[in-house]
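The values are calculated or read from the model by the stated rules, or taken from the named source; none is laboratory data. For clarity, every value in this text was computed on a predicted model and none was experimentally measured. FYI the Cβ positions are ideal-geometry reconstructions off the backbone, even for glycines, and counts take in every protein chain you see. Just the protein is used for accessible areas: all its heavy atoms, side chains included, with ligands, DNA and RNA removed. Shrake-Rupley method; radii C 1.70, N 1.55, O 1.52, S 1.80 Å.
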Amino acid sequence: MNFLLIPSPFLSAASWALVLEILTERGHTGQLLDLADMLGSAPGAYRRVGEAAASLLLSPSILVVHSGAGSLAPSVVEAAPRLIVGAIFVDALLPHPGRNWFDTAPSGLVERIRADATSGWAAPWPNWMSPKALRALLPDDGMRTDLVRDAPRVALTYLEQIAPATISWLPPDRCAYLRLSEGYMKERLIAEELGWRTVELPVDHLAIMTRATLISDCIETVARGFRPPADKPRGG
């Protein structure tokens, strides 16, 4: 299987590095989309991400998104509808066409992000929580230091951009939701209502880094369960 991994807009691409390494060691192939420089102040971020993802793909692939990258999934499928054959949302936002990122967040968090922004850029994600809370998520000092150092700053204008409506999407039997933390229970329930396969893992939001083997196991198992896309009839 080939996997296209997309990190949260608020984390570096390195957040998926261990999972990609494990999947590769197991004989799969994969690409890691780095969102750096795609989510700046210029409009069209969703389109840029879709085009960049499509340019990476050489074979049918399973899209795997974490956290805020769930917002971007429809644009990737729209840009490469014949190459994305499944989508796995890992503790991720669900697609929200017609709304922006701020519309999906609690009002208190929105107020804090706006208050802490400088020159139109949101503070890095690690700054959104106390050092104690971050240490609880990432006990490893080296991993935590790397996360803080590499966490990107995202433009407020990206968070204000309306997610576009798209035409191409996947049938429910080729979508899945992996819930890692309590904060994404609502999304998991909606995914279940949509007919997606849902999986509960009693870990936390950064388990893609701290429990990479477990997350890789689950991604691999879910991906194997996707129904292969039906062959289209050939014209006469």
Self-check item: Qualifying positions in region 18-41 - over 18 Å from Pro60 (Cβ atoms), at pLDDT 95 or above and aliphatic (A, V, I, L, M)
Solution: Leu18, Val19, Ile22
Practice problem: With the checklist (1) over 19 Å from Trp101 (Cα atoms); (2) modelled with pLDDT of 95 or more; (3) small (Gly, Ala, Ser) in hand, flag the one item Gly235 doesn't pass. | Solution: (2)
Quiz item: Can you name the condition, by its number, that Ile190 falls short on among (1) open to solvent by 20 Å² or more (accessible area, probe 1.4 Å); (2) closer than 18 Å to Ser61 by Cα?
Solution: (2)
Practice problem: Among the residues of region 151-185, count how many are basic (Lys, Arg) and in contact with a Leu (Cβ under 9 Å, 6 or more places away or on another chain). | Solution: 1
Practice problem: Scan region 193-222 residue by residue and report those that are in a helix (DSSP H, G or I), surrounded by 13 or more Cβ atoms within 10 Å (Cβ to Cβ) and either at pLDDT below 95 or not small (Gly, Ala, Ser) (or both). | Solution: Ile208, Met209, Thr210, Leu214, Ile215, Asp217, Cys218, Ile219, Glu220, Val222
Quiz item: Does region 51-61 contain any residue that is in contact with a Gly (Cβ under 8 Å, 6 or more places away or on another chain), aliphatic (A, V, I, L, M) and open to solvent by less than 40 Å² (accessible area, probe 1.4 Å)?
Solution: no
Exercise. Kindly provide the set of residues from region 1-35 that are under 16 Å from Ser71 (Cα atoms) and open to solvent by 20 Å² or more (accessible area, probe 1.4 Å), ordered by number.
Key: Asp34
Self-check item: Residue among Leu109, Leu83 that alone is under 18 Å from Pro172 (Cα atoms), without any contact (Cβ under 8 Å) to a residue 40 or more places away in the chain and open to solvent by 20 Å² or more (accessible area, probe 1.4 Å)
Solution: Leu83
